[in-house]
Amino acid sequence: MTDTAKTSKSPVLMPEPQHTMLGQATTYHDTYDATLLTPIPRKFGRDAIGRHDFQGHDYWHLFEVTWLSPNGLPQVAAGLMTVPATTECIVESKSLKLYVGSFTQSVFPSKEAVEARMTEDLVKLLGEGVRMELTLLSDWQGDAMLPTPLPGIRLEALPEMKDATFDAFEVDPNLLAVAEDAGGEIVEEVFSTELFRSCCPVTGQPDHAGVVIRMKGPKADRAGLLKYLVSYRCHRGFHEQCVEQIFTDLSNVFSPEILEVHALFTRRGGIDISPFRSNVRSTPDTVLRSPRQ
């Protein structure tokens with residue numbers, strides 16, 4: 001017999017977005033259609049959290065971008081969409097997938113023309129600072145898009161986790177605590193985990209991610225930190241909202257001099273999303289890509 005953890009449906013801390021394509025029957029368009037894009041105001045999640053003072057960007061990698069050249073030859077590219085955390089809205093991910101798919105049977109003279117059209121549409125939808133960069137797969141060289149192991153101390157690999165009990169699967173910031181042996185010392189540490197899971201607030205579909213946390217402040221209780229991150233397992237929230245909630249909870253408990261949260265969500269529909277939030281800078285040294293991405 002297998003033991004099953006008992007969980008109730010996790011509360012949605014942000015209002016459920018209305019009028020999106022999530023969970024709806026889908027018609028796939030293969031000719032260009034910018035009206036497929038659907039914005040979702042960031043304020044839905046941020047008002048529920050109550051904090052707005054972070055910096056950062058959202059990094060979207062797209063691996064199913066294709067269109068036709070003037071002679072009908074299909075072109076295939078990978079895309080990197082960069083969205084500042086200062087934009088009023090995010091784009092609903094399914095609508096972006098459908099929008100990107102609408103280029104499939106549309107003719108464009110060059111990669112640069114597709115890149116410019118996408119950037120123009122996304123800026124109009126979300127706001128200034130949004131960029132789309134495309135790389136033809138035939139030009140894909142080097143290691144810029146290759147995954148690397150997550151940096152820092154891997155929480156689940158620590159010996160003390162073998163004896164820890166994990167029984168909270170709805171977000172619980174009370175699990176966070178300063179380490180008993182902290183002694184008032186300020187330390188700078190980087191932690192990571194590949195165990196993060198949350199759920200879409202509309203469809204309930206699971207979202208898996210690696211998470212990297214850089215923090216300079218009082219020493220954190222490591223078991224409590226991992227228990228806290230595991231407690232998102234049944235939480236319903238968009239990727240960006242989860243990262244901003246983690247940032248807020250860590251800020252409230254540790255008041256760190258430096259705090260950065262970088263989540264690397266796995267791919268769905270040819271798209272993966274990696275939100276980055278910080279109290280000291282807007283962009284990371286490197287846009288990380290986990291092995292699962």
Under a Gaussian network model of the chain whose springs join Cα atoms within less than 10 Å, the largest fluctuation of Leu146, Leu259, Leu122 belongs to Leu146
Pairing the Cα long axis of helix 111-126 with the longest principal axis of the chain, what angle in degrees results, from 0 to 90 and rounded to the nearest 10?
60 degrees
Give me a comma-separated list of calculated 3J(HN,Hα) values for segment 250-264, in order, Karplus coefficients 6.51, -1.76, 1.60 applied at θ = phi - 60°, integers in Hz, x for any Gly or Pro.
5, 4, 5, 7, 10, 6, x, 5, 10, 9, 9, 10, 10, 9, 10
Computed over the Cα atoms of segment 72-112, the Rg and Dmax in Å are 13.0, 39
Please list, by residue number, every one of the GluC sites (Glu not before Pro) in segment 160-212 that is coil in DSSP and has at most 12 other beta-carbon atoms within 10 Å.
Glu180, Glu185
Using each residue's phi in segment 88-93, evaluate 6.51 cos²θ - 1.76 cosθ + 1.60 at θ = phi - 60° and report the 3J(HN,Hα) Karplus result to the nearest Hz, with x for Gly and Pro.
5, 10, 9, 9, 5, 5
One-quarter of the Cα convex hull surface for segment 153-278, in nm²?
7.4 nm²
Hey, which aspartates and glutamates would be in cross-link range of Lys111, C-alpha to C-alpha under 18 Å, not counting anything within fewer than 8 residues on its own chain?
Asp30, Asp33, Glu64, Glu120, Asp121, Glu133, Asp139
Set the Förster radius R0 to 22 Å, insert the Cβ-Cβ distance between Gln55 and Thr165 as r into 1/(1 + (r/R0)^6), and round the FRET efficiency to 0.05.
0.05
What are the residues whose amide H is under 5 Å from the amide H of Ile258, where those residues sit 5 or more places off or on another chain and H is modelled from the backbone?
Lys216
The chain: most fluctuating residue of His52, His61, His208 per GNM, C-alpha cutoff 10 Å
His52
Could you sort 72-79, 215-222 so that the peptide with the highest average Cβ count within 10 Å comes first and the rest follow in order?
215-222, 72-79
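Hey, can you find the accessible area per residue of segment 47-93 for me, probe 1.4 Å, expressed in square angstrom?
Spelled out: the 1.4 Å probe surface of segment 47-93, per residue, equals 40 Å².
Taking the Cα centre of segment 186-242 as origin and charging only Cβ (+1 Lys, Arg; -1 Asp, Glu), how large is the dipole, in debye to the nearest 20?
Result for segment 186-242 is approximately 160 debye, rounded to the nearest 20.
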Checking a compactness column here: for segment 41-122, what do you get for Rg(Cα) / (2.2 N^0.38 Å), N being the number of residues?
1.33
GluC sites (Glu not before Pro) restricted to segment 221-266 and DSSP loop, no more than 13 other C-beta within 10 Å
Glu257
Which value, in Å², gives the accessible area per residue of segment 153-278 when a 1.4 Å probe is used on the protein heavy atoms?
37 Å²
For the chain, set up a Gaussian network in which alpha carbons nearer than 10 Å are linked by springs, and say which option among Ile186, Ile49, Ile271 fluctuates the most.
Ile186
In order through segment 53-70: 3J(HN,Hα) via Karplus (6.51 cos²θ - 1.76 cosθ + 1.60), integer Hz, x for Gly, Pro:
9, 9, 10, x, 9, 10, 10, 10, 9, 10, 10, 10, 8, 8, 7, 10, 6, x
Roughly what percent of Cα-Cα pairs across the chain reach past 35 Å?
21 percent
Just the number, please: carbon plus sulfur as a percent of the accessible area of the chain, 1.4 Å probe, no ligands or DNA/RNA counted.
50 percent
Computed magnitude of the charge dipole of the chain (debye, nearest 20; Cβ of K, R +1, Cβ of D, E -1):
500 debye
About the Cα centre, and with charges only on the beta carbon of Lys, Arg (+1) and Asp, Glu (-1), how big is the dipole of segment 39-140? Nearest 20 debye, please.
240 debye
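The values are calculated or read from the model by the stated rules, or taken from the named source; none is laboratory data. Source: prediction; values computed, not measured. Note that each Cβ is placed from the backbone with ideal geometry, even for glycine, and that neighbours are counted across all protein chains shown. For the accessible areas, the whole protein counts, side chains as well, though only heavy atoms, and no ligand, DNA or RNA atoms are used. Shrake-Rupley method; radii C 1.70, N 1.55, O 1.52, S 1.80 Å.
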